[in-house]
1. Does the stretch 119-131 hold any residues that are within 28 Å of residue 254 (Cα to Cα) and free of Cβ contacts under 8 Å to residues at least 12 places away in the same chain, and which are they?
2. Within the group 412, 471, 492, 406, which residue is more than 22 Å from residue 128 (Cα to Cα) and surrounded by fewer than 21 Cβ atoms within 10 Å (Cβ to Cβ)?
3. Within the stretch 322-346, how many residues turn out to be in contact with an Asp or Glu (Cβ under 9 Å, 6 or more places away or on another chain) and not in a helix (DSSP H, G or I)?
4. In the stretch 98-118, which residue that is crowded, with 17+ Cβ neighbours inside 10 Å and free of Cβ contacts under 8 Å to residues at least 60 places away in the same chain is nearest to residue 31 (Cα to Cα)?
5. I'd like the residue in the stretch 338-369 that is at pLDDT below 85 and of a type outside the set (S, T, N, Q) and, out of all such residues, is farthest from residue 473 (Cα to Cα).
6. Test residue 285 against the stated conditions and say whether it is within 30 Å of residue 329 (Cβ to Cβ) and among the β-branched types (Val, Ile, Thr).
7. Any chance the stretch 188-208 includes a residue that's aliphatic (A, V, I, L, M), buried (at least 17 other Cβ atoms within 10 Å of the Cβ) and under 15 Å from the mean Cα position of the chain (by Cα)?
Amino acid sequence: MSKATTAERALNRKGGTMSRLIKTLFGFYPVLLPLVVVGVVLCAIINSIGATFLQSALQIISESWQSGNWEAAQPKIAQLVTTLACIYGIGILSSLFWNRAMAIVTQGSLEKLREKMFNRMQDLPIRYFDTHQRGDIMSHYTNDIDTLRQMISQSLPNLLMTTIVIVTVFFIMLYYSVWMCLVIVAGVVFMTFMTKLLGSNSARFFIAQQSELGVVEGHIEEVMNGQKVVKAFCHESAAEADFDERNEKLFEVSQKANMYANILMPILMNLGNLLYVLVALAGGIFLALGVPNLSISGMTLSIAVVVPFLNMTKQFCGQIGQISQQINAVVMGLAGADRIFELIDEEPEADEGYVTLVNAQVNPETWEFEEADHHTGMWAWKHPHRATGEIEYVPLRGDLVMDNVDFGYTPDHEVLHGVSVFAKPGQKVAFVGATGAGKTTITNLINRFYDIADGKIRYDGINVNKIRKADLRRSLGVVLQDVNLFTGTVMDNIRYGNLDATDEECIAAAKLAGADDFITRLPDGYDTMLTGNGAQLSQGQRQLISIARAAVADPPAMILDEATSSIDTRTEAIVQAGMDKLMEGRTTFVIAHRLSTVRNSDAIICLDHGRIIERGNHDELIAKRGYYYQLYTGAFELE
């Protein structure tokens, strides 16, 4: 979908976004936010009434000065001043309260929205992250949240206050003269039309700006991650050109957004000045023609009515100008809110599984598995049969069967065609084939990062669609080609495989993976702090920690996706010895370009364009003198 289409769709939702945002804020703070609204309304009314009282006081002083009857006016003036002081005192306290409370509402709401977004991200399928740039996703937490912060903390309260002032002043003007109010109404209708015309154009481009800003940040993040590649291939000029192209698109939509936004206020201010002149002319004409005044107060139309009315007209038009200033921030905030809600509304990863993984023990009387209430070191699938209501406990063994599986990442492009694979408990199964043959895809289907289009996958005789995804993945240890280490100590990163593991178990896992030797030579050993994805470690050392992390999870099945691809030959021998121990008694799926690492596999499956072309152990495939034989002898090379 194009950016323009996305912007138009978001613009159509703008009214709904505002309604949802307000409901969300009131949902977060059902008591405090209404009190804030009351405080803002009270301040607005006080500002309007205060100006009226001040005008009355000045008028009494002026009349007293002209008549010379100063003493008679003093009680009235004192009463007005006292009333005015009380009014403004209440206004100051009210303003202090709502400003402090609004800070709590703003930051608290943003905290909860960030939490909602992050929690939803944990529920999204891998497909979402494969199809969205990380920089664009991060933009939700930075730019979109920041524009929303400005809208909630400043624009919405000011908009509410200004609206209340306008309404209050209008009713006061209505109190003075209905006829002149009709002139005001005509002017406001025209101003509203201009605001809607220019504001809708501004809104469309502000929404596009937020979207393009996410694209630019995604591109920057991508280039920064690949900076070594950019410099290695002297690709700096091309990288600059790619960035300039995206930056130019951001500039174009931002320029148009701000152009429409910036011309709105001068137009409204000049319309306000024109309206002031029209009211003055109307007042003069009414006075000259002796038009009877129509007002709530019943006052006769005179200079004493027209002059205060003109002052209120000036205040009224000024407040409309204030509204135009807030429109930009409101539109940008709504654009950010729309993107935030879009992420929150993303469909979570579907999971209809009801078979769970539980601690198990053997009943000494029946010699059958049953659920244990403590950690026993044995695991079983708790399988409630929906037809009979009977609960069956199936021991977790790692017996996996793929039966005639078809799969494609998109409906129109199939990657796997009729793939059938079986792995008995404790077997080591290796996948061999060129890049794009479907090796990694098979492992993605085993742990249900993606769901198959056709066929069946059974784990310990249970259809994997019946197994809850979290429990399925808990039973599988994974070592990926691309290592991800998190900010924390080496011990923390190893324990990530099993958060309940003790220090001794983590150290044992590191020794098993062959990582203990280099870890103990680090400045703080296992307490060494890692940052930047373990940038201070070599690629091989990072991979060893990743293998130790899988080892501490102690799963019955392992998936090793090019686990030794980034390790030198000497380190590979160390790692391979540790991994052989790690794989003992476990069903293991191995993807490797180095055929030396799969010689001892129980089964080697050769893939080509998503189809299995050969299967057997090393000796059987060598004897066939087919695809594997030619790979092994160097007649073919993996690409």
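1. Listed by number, the residues that qualify are 129, 131.
2. None of the others qualify; the one that does is 492.
3. 1
4. The residue in question is 106.
5. Result: 365.
6. For residue 285, the condition - within 30 Å of residue 329 (Cβ to Cβ) and among the β-branched types (Val, Ile, Thr) - is not met.
7. Checking the stretch 188-208: not a single residue is aliphatic (A, V, I, L, M), buried (at least 17 other Cβ atoms within 10 Å of the Cβ) and under 15 Å from the mean Cα position of the chain (by Cα).
Yes or no, residue by residue, for (1) of a type in the set (Ser, Thr, Tyr); (2) assigned by TED's automatic domain parsing to the domain that holds residue 111; (3) closer than 22 Å to residue 335 by Cβ; (4) touching a His at 6+ places or on another chain (Cβ under 7 Å):
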{"residue": "140", "(1), (2), (3), (4)": "no, yes, yes, no"}
{"residue": "147", "(1), (2), (3), (4)": "yes, yes, yes, no"}
{"residue": "152", "(1), (2), (3), (4)": "no, yes, yes, no"}
{"residue": "161", "(1), (2), (3), (4)": "no, yes, no, no"}
{"residue": "166", "(1), (2), (3), (4)": "no, yes, no, no"}
{"residue": "184", "(1), (2), (3), (4)": "no, yes, no, no"}
{"residue": "188", "(1), (2), (3), (4)": "no, yes, no, no"}
{"residue": "193", "(1), (2), (3), (4)": "no, yes, no, no"}
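The values are calculated or read from the model by the stated rules, or taken from the named source; none is laboratory data. Everything quoted here is computed from the prediction, not taken from an experiment. With ideal geometry, Cβ positions are generated from the backbone for all residues, glycine too; neighbour counts draw on all protein chains shown.
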